[in-house]
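Engineer: The structure under discussion is supplied below as structure tokens; questions concerning it will follow.
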Amino acid sequence: MKVGFVGLGQMGTGMASNLLRAGHEVTVYNRSAGKAEGLREKGARVAARVSEVCDGAAAVFTMLADDAAVEQVVFGENGILASLARGAVHVSSSTISVALSERLDAAHGKAEQGFVAAPVFGRPEAAAAAKLFVVAAGDARMLETVAPLLDAIGQRTFVVSDQPPTANLVKLSGNFLIASVIESLGEAMALVGKGGIDRHQYLDILTSTLFNAPLYKSYGGLIADRKFEPAGFAAPLGLKDVRLTLAAAEALRVPMPIASLVRDRFLTLLARGGERLDWSAIGDLARQEAGGDGGPLGIPRHRSG
């Protein structure tokens, strides 16, 4: 299939690579052109502008950082909306707001184009290994068209609805849960660490008994090692996702007090200069606040008296 791909960050690069590996004809675009060179060597065509990605494509993926980036690529001059052929499909894998997903669905429908929301769960290493979990929603015919593409980037696709925004709601709720796990793990590790228990041993106990899940193992390991650079998912993106979760909750009139707390933890991390850190760095805040000696930001241990 002829496929376009816009957005070659850590996630997009792995996804586009797997589309190539599956035998699809892929044209890629990234605002920073240098990121596309590795894909060119793998057989991708590199476009100089967004409109070229849409030329003859049956489907175009976007994997971008936030609503503003998606809006620019889709609604901008010579963007996807203006350039994609009738009947072709825009597959949005970005973590975006429910409101923007609704707007995209309406705009593409008016242009007689398809729109499928297909956000993914998984970090960059999963994207590179085609081990993502895809949450997809959209018209059944469009989902059938892009199914081979989703199979190429992930290990399983969950179709949740014929309404694209529902997939974005599932994705946001999932990221909220991940952030909540990171915060609670950090607090628990701060507690036992100050009590003299080795945090790696503690993590082994947790993941061998109560919480034998990849999420606890991967993020628990980052917190135990205090390894927050390089960022697999940067802290500002974590704040963005929790903020979008709260916006969706407000629209649906669903109180989410823990989400509000987690948002403030991200704000604390960013206020201390943590923009370049992985979002799991909020899991180190409790240790620092408990008097831990230093941290990922070089914050000195507080001494009383």
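The values are calculated or read from the model by the stated rules, or taken from the named source; none is laboratory data. Not measured: the values here are computed from a predicted model. When we count neighbours, we look across all protein chains shown, and the Cβ atoms used for this are built from the backbone with ideal geometry, even at glycine.
Engineer: Cβ-Cβ below 7 Å, separation at least six or inter-chain, first residue in the range 88-99 and over 18 Å from Asp139 (Cα atoms), second hydroxyl-bearing (Ser, Thr, Tyr): which pairs?
Structural biologist: Final answer for the pair search is Ser94/Thr62.
Engineer: How many of the residues in the range 113-148 are of a type outside the set (Lys, Arg), closer than 20 Å to Gly14 by Cβ and out of contact with any Pro (no Cβ under 7 Å at 6 or more places or on another chain)?
Structural biologist: Looking only at that region, the number is 19.
Engineer: Let me ask you something else. Of all residues being within 14 Å of Phe176 (Cα to Cα) and charged (D, E, K, R) in the range 211-264, which is nearest to the chain's Cα centre (by Cα)? Just the residue, please.
Structural biologist: Filtering the range 211-264 for residues that are within 14 Å of Phe176 (Cα to Cα) and charged (D, E, K, R), the one nearest to the chain's Cα centre (by Cα) comes out as Asp241.
Engineer: Filter the range 256-276 for residues that are surrounded by fewer than 24 Cβ atoms within 10 Å (Cβ to Cβ) and without any contact (Cβ under 8 Å) to a residue 60 or more places away in the chain and give the result.
Structural biologist: Matches in the range 256-276: Pro257, Ser260, Arg263, Asp264, Leu267, Thr268, Leu270, Ala271, Arg272, Gly273, Glu275, Arg276.
Engineer: What is the one condition in (1) in a strand (DSSP E or B); (2) closer than 20 Å to Arg243 by Cβ that Leu104 does not satisfy?
Structural biologist: Going through (1) in a strand (DSSP E or B); (2) closer than 20 Å to Arg243 by Cβ one by one, Leu104 breaks only (1).
Engineer: Yes or no: the range 238-255 includes at least one residue that is crowded, with 19+ Cβ neighbours inside 10 Å, closer than 19 Å to Leu277 by Cβ and basic (Lys, Arg).
Structural biologist: Scanning the range 238-255, I find at least one residue that is crowded, with 19+ Cβ neighbours inside 10 Å, closer than 19 Å to Leu277 by Cβ and basic (Lys, Arg), so the answer is yes.
Engineer: Do the conditions hold for Leu215, that is, is it among the aliphatic types (A, V, I, L, M), without any contact (Cβ under 8 Å) to a residue 40 or more places away in the chain and surrounded by fewer than 17 Cβ atoms within 10 Å (Cβ to Cβ)?
Structural biologist: When the stated conditions are applied, Leu215 passes them.
Engineer: Taking the conditions exactly as written (touching a strand residue (DSSP E or B) at 6+ places or on another chain (Cβ under 6 Å), in a loop (DSSP other than H, G, I, E, B) and among the polar types (S, T, N, Q)), does Ser94 satisfy them or not?
Structural biologist: yes
Engineer: Which numbered condition trips up Leu172, out of (1) under 16 Å from the mean Cα position of the chain (by Cα); (2) over 19 Å from Leu277 (Cβ atoms); (3) modelled with pLDDT under 95?
Structural biologist: Failed condition: (3).
Engineer: Then there's this: Would you please list the contacts, defined by Cβ atoms under 8 Å and residues six or more apart or on different chains, that run from a residue in the range 49-60 that is free of Cβ contacts under 8 Å to residues at least 60 places away in the same chain to a residue that is of a type in the set (D, E, K, R)?
Structural biologist: Between residues of the range 49-60 that are free of Cβ contacts under 8 Å to residues at least 60 places away in the same chain and residues that are of a type in the set (D, E, K, R), the close pairs are Gly56/Lys2; Ala57/Lys2.
Engineer: If you don't mind, another one. Which condition number does Phe266 fail, the rest of (1) modelled with pLDDT under 95; (2) over 17 Å from Met189 (Cβ atoms) being met?
Structural biologist: Unmet condition: (1).
Condition check ((1) among the polar types (S, T, N, Q); (2) touching a residue at least 24 places away in the same chain (Cβ under 8 Å); (3) not assigned by TED's automatic domain parsing to the domain that holds Ser92) across all residues:
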{"site": "Gly7", "(1), (2), (3)": "no, yes, no"}
{"site": "Ala33", "(1), (2), (3)": "no, no, no"}
{"site": "Ala47", "(1), (2), (3)": "no, yes, no"}
{"site": "Thr62", "(1), (2), (3)": "yes, yes, no"}
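Here is a yes/no grid of residues against (1) among the charged types (D, E, K, R); (2) assigned to a strand (DSSP E or B); (3) assigned by TED's automatic domain parsing to the domain that holds Ala107:
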| residue | (1), (2), (3) |
| --- | --- |
| Ala126 | no, no, yes |
| Val134 | no, yes, yes |
| Arg141 | yes, no, yes |
| Thr145 | no, no, yes |
| Pro148 | no, no, yes |
| Val159 | no, yes, yes |
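Engineer: Which condition breaks for Val89 when tested against (1) more than 24 Å from Glu229 (Cα to Cα); (2) under 18 Å from the mean Cα position of the chain (by Cα); (3) surrounded by 19 or more Cβ atoms within 10 Å (Cβ to Cβ)?
Structural biologist: That leaves (2) as the condition not met.
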